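All of the numbers you see were taken from the coordinates with simple rules; none came from a lab. Because the structure is predicted, anything quoted here is derived from the model rather than measured. Reconstructed Cβ throughout: ideal geometry from the backbone, glycine too, with neighbour counts over all protein chains shown.
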Amino acid sequence: MAKLFGNLNLVFVIGLVAAVLVMLGFGASAPVDANSILRWMHVFFGILWIGLLYYLNFVQVPTMPSIPAELKPAITGHIAPNVFFYFRYAAALTVLTGLGIASVNHYAIPALTFAGEGNVKLIGLGMWLALIMAFNVWFIIWPAQKKILGIVEASAEEKAAAAPRALIASRTNLLLSLPMLYCMASANLG
């Protein structure tokens with residue numbers, strides 16, 4: 001058992017197979033179609049994205065000042081680059097699958113333009129909040145983190161200037177995540 005659970009890729013593949021078996025087993029009561037597959041993927045990538053956002057804001061960033069200097073390279077050289085890889089691609093895939101759901105269900109344009117009624121406007125607000133958050137991930141947080149983590153060359157001054165930019169964008173995403181999650185959980189659109 002330890003060998004099985006020690007292999008992340010194998011556990012993930014087995015989880016995917018189990019999900020497909022559940023889909024096939026319950027297909028009569030919960031049809032498997034583009035909408036249901038996109039929703040499943042949207043929830044998975046959304047949990048990954050927001051989970052890492054919360055990990056960064058509630059755990060890693062507040063803990064870094066108390067980590068001894070000789071241990072910080074383990075975080076900045078090994079853990080953080082992996083976190084930011086999954087963080088930024090989860091953000092992109094959450095947005096893309098969300099737009100896919102809205103397109104398949106024919107409310108993408110009304111939601112994004114706030115032209116729809118009731119819950120379509122609510123999901124539209126959630127979509128715009130998520131788009132702003134994804135923009136922050138890709139165009140503010142990640143470029144700043146590449147400097148901070150030494151992935152790209154940067155002077156000490158550039159690194160020092162990048163840190164508050166990354167923090168403000170990350171905390172903005174934390175702030176926006178709360179109303180965004182409310183919008184997404186409450187809209188209940190097909």
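Within segment 133-190, the set of residues being among the acidic types (D, E) and touching a Lys or Arg at 6+ places or on another chain (Cβ under 6 Å) comprises just one member, E158. Among the residues of segment 1-38, just one is hydroxyl-bearing (S, T, Y) and under 25 Å from the mean Cα position of the chain (by Cα), namely S36.
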